[in-house]
1. Starting from the Cα of LYS168, draw a straight line to each of the lysines and keep only those under 18 Å, dropping any in the same chain fewer than 8 residues away.
2. Using only Cα atoms, what is the ratio of the radius of gyration of segment 136-211 to 2.2 N^0.38 Å?
3. Give me the distance between the Cα centres of segment 1-61 and segment 139-207, rounded to whole Å.
4. Of the listed peptides 2-9, 93-100, what is their order by residue-averaged count of other C-beta atoms within 10 Å, with the highest listed first?
5. Sorted from fewest to most neighbouring beta carbons within 10 Å, what does the list PHE137, PHE44, PHE103 look like?
6. Looking at the square roots a ≥ b ≥ c of the eigenvalues of the Cα gyration tensor of segment 69-169, which shape do they give, rounded for a/c under 1.5, prolate if a/b is larger than b/c, or oblate?
7. At SER102 and LYS144, where each label point lies 7 Å from the Cα along Cα→Cβ, what is the point-to-point distance in nanometres?
8. Any idea what the relative contact order of segment 8-196 is, in percent, if you count C-alpha pairs under 8 Å spaced at least 6 apart?
Amino acid sequence: MIKRKNILKIAIDSPAAAGAGTLAKSISKHYNLFYLDTGKIYRFIAYNKIKNPKKFNLIFVKSKIKKLKVRDLTNKTLLSDKIGTEASKIAKNKKIRKIVHSFQVNIAYNPPKKYKGSCLDGRDITYKIVPDANFKFYITANLKTRALRRYKELKELNREISYSEVLKSIKIRDKNDLTRKISPLKKTKDSLLINTTNLTKSACFLKIKKIIDEKKNS
Ligand code: C5P
């Protein structure tokens, strides 16, 4: 695998709807980093499973990941709650995780030349995908705040869903992601905890920017 030297690598782990995606995007833009929302890869697999239930097996997943382009992950269909729930079931599968692993590692260590580095967010980024990241963050918020944020996002996309349904599915996903044996969501000792419950988007961004700039300039 090609590894670009002297690039800035930021790794973020977080439970669903904690605001990590928004933050990762603004941080990536500010520092000119290539951003990858790794949850979208599991969602992409889930979407293909729902669309082709009979064809779904490891060979099918491998062929889809081989052809996968990052722009395929921007499809708004992937944001649905149904796909998120299916993604968290799929993400328990060790063999599927292995297929996804190299796609993520390649982007983290060899982002397109025009970028100064990479920023990945997910559940196992800080300890499995980019264990030597220059900065590691664990971004979280309380359950109800996360559910409300996700509910508003889905409403903006005109999705028919109630707040209590969103709350329920986030609870299920949290349980799946935190308790699974393979690559569970966890905060590593070397990750900085950012609780976004009572912070605005710009306050979160400034907090992280300060941490990065202080270390970069020291
Ligand atoms: O981040 P997002 O909510 O879109 O992720 C969907 C699901 O994909 C998560 O609930 C989790 O089970 C799985 N996932 C994972 N590892 C990652 C990213 C996401 O297991 N690095």
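Quick note: the coordinates plus some simple rules give every number you see, no bench work behind them. Predicted model, so just to flag it, every value in this text is computed and none were measured. Don't worry about glycine lacking a Cβ; one is built from the backbone with ideal geometry, like all the others, and counts go over all protein chains shown.
1. Hits, sequence-local ones excluded: LYS82, LYS89, LYS144, LYS152, LYS155.
2. Numbers: Rg = 14.4 Å, N = 76, 2.2 N^0.38 = 11.4 Å.
Rounded to two decimals, the normalised Rg is 1.26.
3. The distance from the Cα centre of segment 1-61 to that of segment 139-207 comes to 16 Å.
4. On the way: 2-9: 12.5, 93-100: 15.8.
Per-residue mean Cβ counts within 10 Å order the peptides as 93-100, 2-9.
5. Details: PHE137 28, PHE44 22, PHE103 17.
In increasing order of surrounding Cβ atoms, one gets PHE103, PHE44, PHE137.
6. Working: a/c = 1.79, a/b = 1.75, b/c = 1.02.
It is prolate, given that a/c is not under 1.5 and a/b is the larger ratio.
7. With each label placed 7 Å out from Cα toward Cβ, I get 4.7 nm.
8. Values: 279 pairs, mean separation 71.4, N = 189.
The value is 38 percent.
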